[in-house]
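The values are calculated or read from the model by the stated rules, or taken from the named source; none is laboratory data. Since this is a predicted model, take the numbers as computed values, not measurements. All Cβ positions, glycine included, derive from the backbone under ideal geometry; neighbour counts span all protein chains shown. When the accessible area is computed, the model is the full protein with side chains, heavy atoms only, and any ligands, DNA or RNA have been set aside. Shrake-Rupley method; radii C 1.70, N 1.55, O 1.52, S 1.80 Å.
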Amino acid sequence: MTTGAEQSGSDDRSTRPLDALMAERRAKRDALAAAGIDPYPARFDRTDLASDVRRRFTDLGPDARTGVEVAMAGRITARRGHGKLVFLSLSDRSGPIQLLVQVGELDARSAAVLEACDLGDWMGVTGEVVTSRRGELSVGVRTLVLLSKAVRPLPDKWHGLSEADTRYRQRELDLLANPETRRIFDIRFATIAAMRRALVDDHFVEVETPILQAQAGGAIARPFVTHANALDVDLRLRIAPEIYLKRLVVGGYERVFEVARNFRNEGLSTRHNPEFTALEAYQAFGDVATGMELTERLVLAAADAACGRRTFATRNGDVDLTPPWPRRELLDLLAEALGRPVHPSQPVGALAAVCREHDVEVDDAWGPGKLVFELYDKVLLPTLLGPVLVCGFPVEVSPLARHRPDDPVLTDRFELVVDGREYANGYSELNIPEEQAERFRFEVEAAERGDPEAHPADLAFVRSLEYGLPPTAGIGIGIDRLVMLLAEVDAIRDVILFPMLRPEVAQG
RNA sequence: GCGCCUCUAGCUCAACGGCAGAGCAACGGACUCUUAAUCCGCAGGUUCCGGGUUCGAAUCCCGGGGGGCGCACCA
């Protein structure tokens, strides 16, 4: 609960305009209370939403009466007074509807509520569904009940709220003032719901795994560190749920998924928020092809359910998500882009030279696989409009993926690329315990050479593999970025309700 | 982290070295068919904060803070 502390300033501040505006609103509320009208009633029984009424009465002419009584509730968003006739706009979660109030016909309590009404107040109304003389569907108000007073004035009803800082810090205000914001988040939550439904229908079990972990694994990123007082140990916030999910497959959950909030202690940008949401799913007895099909299905389910269409505008043109998406070999695409073949079995020196030719920065500690990946990431990826499933990543940058039987320096791993960005990632899971242990040893060596992003060795995971992980397909889909694509917005902050910001400083 | 931009009334924006203004919201009034209602009237300011230059600073300079964009890191 918020206290009124910020209003308790000294006398010279009480004359500021905001204080005056709020004092007026409080005074109206208090006047109603003094007249025996509860300004904060506990309950209101609604019969219809605005959209229900709109759907039900589509073809009424002007000045119609229906004889249908409704009880509706929402926020007052506009007021157009004509003396003894007042039009109000009432907006509920389904949208707006007009209220038509003939002041002379109200009972005394309702008249007092109307008198004290401000834009932004929550109001309950009862009355008959009618149309105005101009034909606008309306509720001919019989009673008006104040449900909650907005003592703080709301943003401009026409221009809304535009300042980005305020929109992110006070998202509730953004949501109530800007319909476009609500549209974006409706897409977000419909996307998650659709994917969840598709997985559950396909016999996947939704599970929960630890966010506080002794070791942050399953991806390559810097973790947040926190402390558990009871155990007196430092813990890390998870950077990916992958390791635990595969341990559940070992335990017999053959199909699992988690909508996982991940935390990475890295920079903020248009495309990065330190906490973000990924969907990870694991399916026993499947391989990389299974993962690609599953990714295709889930993204399509989201697009269909959240948007009802499959073509979306991006910075670089429209993309059509209609399946099947092309499957392309990473090395084939790279050879086309570079005009010569490259392969992680080539000498480091030769690959580093190719990197320099294309202005890709090179670190001496990098092996050939990392260099090939860098060429992909910096030279090829930005040019791919997609959707395309790029397959065959170097084993050196894929410590948890199964290597290819016919080429042990590559893995059966894919990424989904759209508009030059990665949206999903998946592979045939590495399930040979000795090989996983060897991969971890390689990572530890990298760490000892000074690589801050090496994957930590996870002996509990290796032990788990020793009990037997069936052949398994695993995928991860970046939910925030997918929603950016589906909602056609450019900033990750526009698809996260409360993005990370510097803490608000108290204004002196 | 570096560079560029930005911060003025509750909200949206003007004024860009010379009296801080408008629209919406508010307040007082008129109005029984509006829907960005209209009309008349009235009120509302720590120009993000702190310093400096100047006869004079919202405006120019320095420092600080918040935010945005780009680059870097990453998904």
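Can you compute the helix-only [θ] at 222 nm over chain A? Use -39500 (n - 2.57) per DSSP H run of at least 4 residues, normalise by all residues, nearest 500 deg cm²/dmol.
Numbers: 14 runs with 157 residues, N = 508.
Value at 222 nm, helices only, nearest 500: -9500 deg cm²/dmol.
What percentage of all Cα-Cα pairs in segment A:369-436 are separated by more than 21 Å? Each step should come with its number before you reach the end.
Details: 551 of 2278 pairs.
In whole percent, the share of Cα-Cα pairs in segment A:369-436 beyond 21 Å is 24.
Can you list the HN-Hα couplings for segment A:304-319, worked out from phi with the Karplus curve (6.51, -1.76, 1.60; θ = phi - 60°), rounded to whole Hz and with x for Gly and Pro?
Values per residue, Gly and Pro as x: 5, 6, 7, 10, x, 7, 10, 10, 9, 7, 10, 4, 10, x, 6, 10 Hz.
What is the calculated FRET efficiency for A:R449 to A:A31, with r their C-beta to C-beta distance and R₀ = 51 Å, to the nearest 0.05?
Working: r = 74 Å, r/R0 = 1.45.
After rounding, the FRET efficiency stands at 0.10.
Considering segment A:14-148, what Rg and Dmax in Å follow from its alpha-carbon atoms?
15.2, 52
Each label point is 7 Å from the Cα along the Cα-to-Cβ direction; what then is the distance between the points at A:S345 and A:L85, in nm?
Reported label-point gap for A:S345 and A:L85 is 8.6 nm.
Evaluate Rg over Rh across chain A, taking Cα atoms for both radii and Kirkwood's formula for Rh.
Values: Rg = 29.2 Å, Rh = 26.9 Å.
That ratio equals 1.08.
Let me cross-check A:F224: its accessible surface, 1.4 Å probe, with only protein heavy atoms counted, in Å² to the nearest 10?
50
Give, as ranges by residue number, the residues of segment A:361-404 whose backbone N falls under 17 Å from the point 7 Å along Cα→Cβ of A:E435.
A:392-404
Can you list residues from other chains, or at least 5 along the same chain, whose modelled amide H is less than 5 Å from the amide H of A:T66?
A:V129
Which loop-located GluC sites (Glu not before Pro) does segment A:182-269 contain, where loop means any DSSP state but H, G, I, E or B and the Cβ has at most 16 other Cβ atoms within 10 Å? Display every interim value, and only then the final one.
Details: sites: A:E206, A:E208, A:E242, A:E254, A:E258, A:E266; in loops: A:E208, A:E254, A:E266.
Answer by residue number: A:E208, A:E266.
Give the long-range amide H neighbours of A:A260: residues separated by 5 or more places, or on another chain, with amide H under 5 Å away, using H modelled in the peptide plane at 1.01 Å from N.
When sequence neighbours closer than 5 places are left aside, the close amide H contacts are A:A278, A:L279, A:E280.
Might you work out the accessible area of A:R183 for me, using a 1.4 Å probe with all protein chains in place, and round it to the nearest 10 Å²?
In the full protein context, A:R183 sits at about 90 Å².
If I take every Cα pair under 8 Å that is 6 or more residues apart in segment A:14-148, average their sequence separation and divide by the length, what percent do I get for the relative contact order? If you can, show how the numbers build up before the last one.
Working: 266 pairs, mean separation 37.9, N = 135.
Over segment A:14-148, the number comes to 28 percent.
Just to verify a number: what accessible area does A:V288 come out at with the full protein assembly present, 1.4 Å probe, Å² rounded to tens?
Spelled out: A:V288, probe radius 1.4 Å, area about 20 Å².
Along each of the three principal axes of the Cα atoms of segment A:183-329, give the extent in whole Å, ordering the values from largest to smallest.
Here the spans come out as 52, 39, 34 Å, largest first.
With no solvent and one point per C-alpha, what does the Debye sum give as log10 I(q)/I(0) for segment A:411-469 at q = 0.23, 0.29 Å⁻¹?
With no solvent term, the Cα-only Debye profile gives -0.95, -1.05.
Give a residue-ordered list of calculated ³J(HN,Hα) values for segment A:380-393 (Karplus: 6.51 cos²θ - 1.76 cosθ + 1.60, θ = phi - 60°; whole Hz; x for Gly, Pro).
Coupling constants for segment A:380-393: 8, 3, x, 8, 8, 7, x, x, 9, 9, 8, 10, x, 9 Hz.
What does the charge count near A:E180 come to, summing +1 for each Lys or Arg and -1 for each Asp or Glu among other residues with Cβ under 12 Å from its Cβ?
Numbers: positive: A:R167, A:R182, A:R183; negative: A:D174, A:D186, A:E488, A:D494.
Cβ neighbours under 12 Å give a net charge of -1.
As a test of reading the structure, rank A:H227, A:H203, A:H403, A:H455 by solvent-accessible area (1.4 Å probe, protein chains only), most first.
Details: A:H227 85, A:H203 145, A:H403 55, A:H455 5 Å².
Correct descending sequence by accessible area is A:H203, A:H227, A:H403, A:H455.
Enumerate by residue number the GluC sites (Glu not before Pro) in segment A:354-409 meeting two conditions: DSSP loop (anything except H, G, I, E, B), and at most 12 other Cβ atoms within 10 Å of the site's Cβ. Please report the intermediate quantities before stating the final value.
Working: sites: A:E357, A:E361, A:E374, A:E396; in loops: A:E361.
Hits after loop and neighbour filter: A:E361.
Ordering A:S132, A:S94 by how much accessible area each has at a 1.4 Å probe, largest first, what is the list?
Working: A:S132 10, A:S94 45 Å².
From most accessible down to least: A:S94, A:S132.
Over chain A, what is the mean sequence separation of C-alpha contacts under 8 Å (at least six apart), divided by residue count, expressed as relative contact order in percent? Intermediate results must be reported in sequence, preceding the final value.
Details: 960 pairs, mean separation 61.7, N = 508.
Across chain A, relative contact order equals 12 percent.
Can you sort A:W366, A:W325 by solvent-accessible area, 1.4 Å probe, largest first?
A:W366, A:W325
What Kirkwood Rh does segment A:280-434 have if only Cα atoms enter the pairwise 1/r average? Answer in Å.
Numbers: mean 1/r = 0.0607 Å⁻¹.
After inverting the pairwise mean of 1/r, the radius is 16.5 Å.
For segment A:136-223, count all C-alpha to C-alpha pairs, find those more than 16 Å apart, and express that count as a whole percent of the total. Intermediate values should be presented prior to the final figure.
Details: 2897 of 3828 pairs.
The calculated P(r) of segment A:136-223 puts 76 percent of pairs beyond 16 Å.
Which whole-Hz couplings ³J(HN,Hα) result when phi for each residue of segment A:237-246 is put into the Karplus expression 6.51 cos²θ - 1.76 cosθ + 1.60, θ = phi - 60°, listed in order with x for Gly and Pro?
Working through the residues one at a time gives 7, 4, 9, 5, x, 3, 4, 5, 5, 5 Hz.
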